[in-house]
Amino acid sequence: MTETILPHDVPNEKADPAANYSLLSVINHWLSVLAILIMVATQQLDLPSIHLSFGLLLALPLIWRVVFRLSRGFPRTPNQHPTISFLERLIIIGLLAAIFLLAVTGLIMPLLSGAAYNFFNLVSWTASYSGNQAALEMTQQVHLFCATALLPLFLLHLASFARHAIINKNGNTLRMLKPLNGGK
């Protein structure tokens, strides 16, 4: 059985900028991984004030990372069945959406609850807004849903990486390790 290849699918040539990532994209990717690990660790260790402080510090860079990726587009997919390309892209878009929504909802939850924004116990401020319980509950639900979705999305992303590295051996796994000038 042969796979159907779409015209835009090309082998991931090392010198093809349209099939690779730029240095800025690679840096964004790995700094975002680190930021998310910090946020997950502070939540799992039940350190709410540190979680909020890191959230305040990392929310705008994470939002920028999502906007940057969406504005730059995605590299060409490797030579594979279009359904697999679609599913892999859907996983990445799911990760980006979860990251974006976590950052936005994390920033507005203190405002909606009327709680203070406390930055590592160095600076604290409260917005002059009395809060809104219904909006707070909805925002908390979105935040929890996105936080819960991160692990399965990450595991699917990791499985895709493993498939490219172990089964396909197509060089696709090097894209986030070796940036290319002119890449996406």
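The values are calculated or read from the model by the stated rules, or taken from the named source; none is laboratory data. Small disclaimer: the values here were computed from a predicted structure and weren't measured. Please note: Cβ atoms are built from the backbone with ideal geometry, for glycine as well, and neighbour counts cover all protein chains shown. Heads up: the accessible areas ignore ligands, DNA and RNA and are worked out on the full protein's heavy atoms, side chains in. Shrake-Rupley method; radii C 1.70, N 1.55, O 1.52, S 1.80 Å.
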Whole-Hz Karplus couplings 3J(HN,Hα) for segment 60-69, θ = phi - 60° and coefficients 6.51, -1.76, 1.60, Gly and Pro as x, run 5, x, 5, 4, 4, 4, 5, 4, 4, 5
Among ILE38, ILE63, ILE166, the residue with the largest mean-square fluctuation in a Gaussian network model of the chain built from Cα contacts under 10 Å is ILE166
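Net charge within 14 Å of ILE91 by Cβ-Cβ distance, Lys/Arg positive one each and Asp/Glu negative one each, not counting ILE91 itself?
Values: positive: ARG69, ARG89, ARG163; negative: GLU88.
My count for the surroundings of ILE91 gives +2.
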Expected unfolding gain across LEU70-LEU34 under the 0.36 nm per residue rule, minus the alpha-carbon gap, is 11.0 nm
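Roughly how many Å² is the accessible area per residue of segment 103-171, as a whole number, for a 1.4 Å probe? All intermediate terms of the calculation are to be shown ahead of the outcome.
On the way: 4450 Å² over 69 residues.
That works out to 64 Å² per residue.
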quick shape note, segment 106-180: Cα extents on principal axes in Å, largest first -> 56, 29, 19
Projected onto the charge dipole of the chain (unit charges on the beta-carbon of Lys, Arg, Asp and Glu, signs +1, +1, -1, -1), the Cα from LEU24, THR83, VAL123 with the largest positive-side position is that of LEU24
Cβ-Cβ cut-off under 15 Å around SER71, Lys and Arg +1, Asp and Glu -1: the net charge is +4
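Beyond 18 Å, how much of the Cα-Cα pair distribution for segment 36-77 remains, as a whole percent?
Values: 359 of 861 pairs.
Everything past 18 Å amounts to 42 percent.
Can you tell me which of 170-178, 143-151 comes out highest on packing, and rank the rest after it, using the mean Cβ neighbours within 10 Å? It would help to have the intermediate numbers written out before the result.
On the way: 170-178: 16.8, 143-151: 15.1.
Ranked from most to least packed, the peptides come out as 170-178, 143-151.
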Quick calc: nm separation of the 7 Å Cα→Cβ label points for GLN140 and GLN44 -> 2.4
Log entry: pair-distance distribution for the chain, C-alpha pairs binned every 5 Å from zero, whole % per bin is 1, 7, 14, 18, 17, 13, 10, 8, 6, 4, 2, 0, 0
